[in-house]
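Single-structure report; data block below.
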Amino acid sequence: MRTNVYESIDDLGRGRIEALDTGLDFSFGALRAMERSLWGELVVRYLTVESDDGDLLAFTPVYIGSNLNFNALLPRAIQTGYDALVGGLGMAMATRVAVAGSLISDRGWIPMFRGLGDRAGALRLLLGEIDRVAKKHKAQLTMLKDIHRDFPAAERALMRAAGFTEGFSLPTVRVNTTYASFEEYLTRHLSKNGRKHARKQFVKAEGVFTLRVIDDFEEMIPRVFPLHRAVFLKAKFQFEELPPRFFVECARSTSPKSELVVCETTDGRIAGSLLIFYDDREQQNKRIGIDYSNAESGLVYNLLNYTGIQRAIARGIGTLWLGQSSYLPKTRFGGVLEDQYLLIKAHDPMLKPTLPLQRWWMSRYSAANILAGLEKGTPL
């Protein structure tokens, strides 16, 4: 086995990637949309492990820059202080970070060839290449982003053995959509209160909102982008703000497929929209946009999500991912929280002493802790 580095997803190639267990977030189209939307001095490299014959065995994108919001999960005081420091003294004070994994992932992974025998050997090679590229680009921190709990525990142990400190990241939310109809989902999957809530939302929307699904939605981006930005600005955890180009590239993607659900008022105004990724096996309700000036913005949010669930069921897709936020309504939709892990390595000696504190702080993001907060009425 050997390693290689590519500067563009087009150089790596769609056909080679599709032989691996990528999921939606590491699919060719999603990574291409992200690459074509990079901002400022942010760059991406695609690190691979290949057979001696050149067959792709494993890969991960690595994004490097000083304009990444790497501290989004830390206390607000630290974020504010850091922003003030960089704002006052300039980007020379910004921490340069290498993030291994998809910047838009809701379920982090290391894509590998499904029949790969020596996964541990491939992972060791990949981790070594991540170190080399991070140091080449003068990164002060390296992060392995949101490794999902289903990723083999023994392989997470290899990451820790390679010098990474492991803490919890925000859990993702999975919904089982293996039902013959939306009515069966309501009856069998939701609690009595959940069913009542869902039906009430659709009754309340009658004569007020209409929903439609658009496959070719590129021309809609100028109209819906401000709503997606409004959700980003209101979010408690603000990761990377995606530019309009990202949504345009998603509209053009065929792997994964994409569509836009639009919620409109009776006079034709757009009250909200939902960007969906899907393939034959799974679906993501990827990005949501809401017009918060509408008094019924909460209803719009629910309608979009229920429509996304309807879309997955109608396609016969068994797994729907709802992302890493808004846990209270998503559990009402029947979502299950699943742990994810953030692994961090400091290359700057001044940052190394902060890692145990970061790990302690991020313990609050375990699925168990968040569920306990929901039960106490103190949602994250």
Simple SL model, points at 7 angstrom along Cα→Cβ for THR210 and HIS137; separation in nm is 4.6
With -39,500 (n - 2.57) per DSSP H segment of 4 or more residues and division by the full residue count of the chain, the 222 nm estimate, nearest 500 deg cm²/dmol, is -11000 deg cm²/dmol
Please work out, to two decimal places, the log10 of the ratio I(q)/I(0) at q = 0.12, 0.13, 0.15, 0.27 Å⁻¹ from a Debye calculation in which every Cα of region 88-143 carries one identical scatterer.
-0.40, -0.46, -0.58, -1.12
Determine the sum of side-chain charges near THR172: Lys and Arg each +1, Asp and Glu each -1, restricted to other residues whose C-beta is under 13 angstrom from that of THR172.
-1
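Quick check: residue separation of ASP11 and TRP361 times 0.36 nm, minus the Cα distance between them. What number comes out in nm?
On the way: separation 350, 0.36 × 350 = 126.00 nm, distance 3.95 nm.
Length gained between ASP11 and TRP361: 122.1 nm.
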Calculated log₁₀ intensity ratio I(q)/I(0) where the Debye formula runs over C-alpha points of the chain, q = 0.13 Å⁻¹:
-1.13
If you line up the Cα atoms of region 272-380 on their principal axes, what length do they span on each, largest first, in Å?
51, 35, 27
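Leaving out ligands and nucleic acids, note down the accessible area per residue over the chain with a 1.4 angstrom probe, in whole Å². Mind showing how you got there, number by number?
Values: 16400 Å² over 380 residues.
Heavy-atom SASA per residue in the chain reads 43 Å².
Please compute the contact order of the chain in relative form: average sequence separation of alpha-carbon pairs under 8 Å and at least six residues apart, divided by the residue count, as a percent. Mind dumping the intermediate values first?
Numbers: 713 pairs, mean separation 82.8, N = 380.
Across the chain, relative contact order equals 22 percent.
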Pop a pseudo-label 7 angstrom from the Cα along the beta-carbon direction at both ALA77 and ALA368 and give the gap in nm to one decimal.
2.8
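Greater than 31 Å separation of Cα atoms is the criterion. Which listed pairs, LYS145/LYS200; LYS145/LYS330; LYS196/LYS376; LYS236/LYS257; LYS145/LYS376, meet it? Don't skip to the end; give the middle numbers.
Values: LYS145/LYS200 38 Å; LYS145/LYS330 22 Å; LYS196/LYS376 22 Å; LYS236/LYS257 29 Å; LYS145/LYS376 29 Å.
Violating the 31 Å limit, Cα to Cα: LYS145/LYS200.
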Taking the Cα atoms only, what angle lies between the long axis of helix 297-315 and the longest principal axis of the chain, rounded to 10 degrees?
80
Give the whole-number value, in cubic angstrom per residue, of the convex hull volume spanned by the C-alpha atoms of region 155-229.
250
Here region 98-203 gives, from Cα atoms, an Rg and Dmax in Å of 19.9, 58
For a bin width of 10 Å, list the pair-distance distribution of region 1-64 built from all Cα-Cα distances, rounded to whole %.
21, 57, 19, 2
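May I ask you to compute the full-extension gain from ALA154 to GLU241, defined as 0.36 nm times their residue separation minus their alpha-carbon distance, rounded to one decimal in nm? Please report the intermediate quantities before stating the final value.
Values: separation 87, 0.36 × 87 = 31.32 nm, distance 3.35 nm.
Length gained between ALA154 and GLU241: 28.0 nm.
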If I take all pairs of Cα atoms in region 217-343, what percentage of them are more than 17 Å from each other?
59
Need the C-alpha centroid separation for region 173-216 versus region 237-307, integer Å.
16
Distance (nanometres) between label positions extended 7 Å along Cα→Cβ at ARG229 and PHE202:
3.5
How large, in percent, is the carbon and sulfur part of the accessible surface of the chain at a probe radius of 1.4 Å?
52
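I need the calculated FRET efficiency for the pair SER255 and MET350, taking r as the beta carbon distance and R₀ as 41 Å, to the nearest 0.05. Numbers along the way, then the final one.
Details: r = 43 Å, r/R0 = 1.04.
My answer for the efficiency is 0.45.
What is the packing order of peptides 32-40, 98-106, taking the mean over residues of other C-beta atoms within 10 Å and listing the highest first? Working shown, then result.
Details: 32-40: 18.1, 98-106: 24.6.
Sorting 32-40, 98-106 by mean packing, highest first, produces 98-106, 32-40.
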Length gained when the stretch MET220-THR265 is fully extended (0.36 nm per residue, less Cα-Cα span):
14.6 nm
Dividing the alpha-carbon radius of gyration of region 1-158 by 2.2 N^0.38 Å (N being the number of residues), what value is obtained?
1.08
Dipole magnitude of the chain about its Cα centre, charges +1 at Lys/Arg Cβ and -1 at Asp/Glu Cβ only, in debye to the nearest 20?
1220
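The values are calculated or read from the model by the stated rules, or taken from the named source; none is laboratory data. This one's a predicted model, so the numbers in the text were calculated from it and none came from an experiment. Positions of Cβ are generated from backbone atoms using ideal geometry, with glycine treated the same way; all protein chains shown enter the neighbour counts. All accessible areas refer to the heavy atoms of the entire protein, side chains included, with ligands and DNA or RNA removed. Shrake-Rupley method; radii C 1.70, N 1.55, O 1.52, S 1.80 Å.
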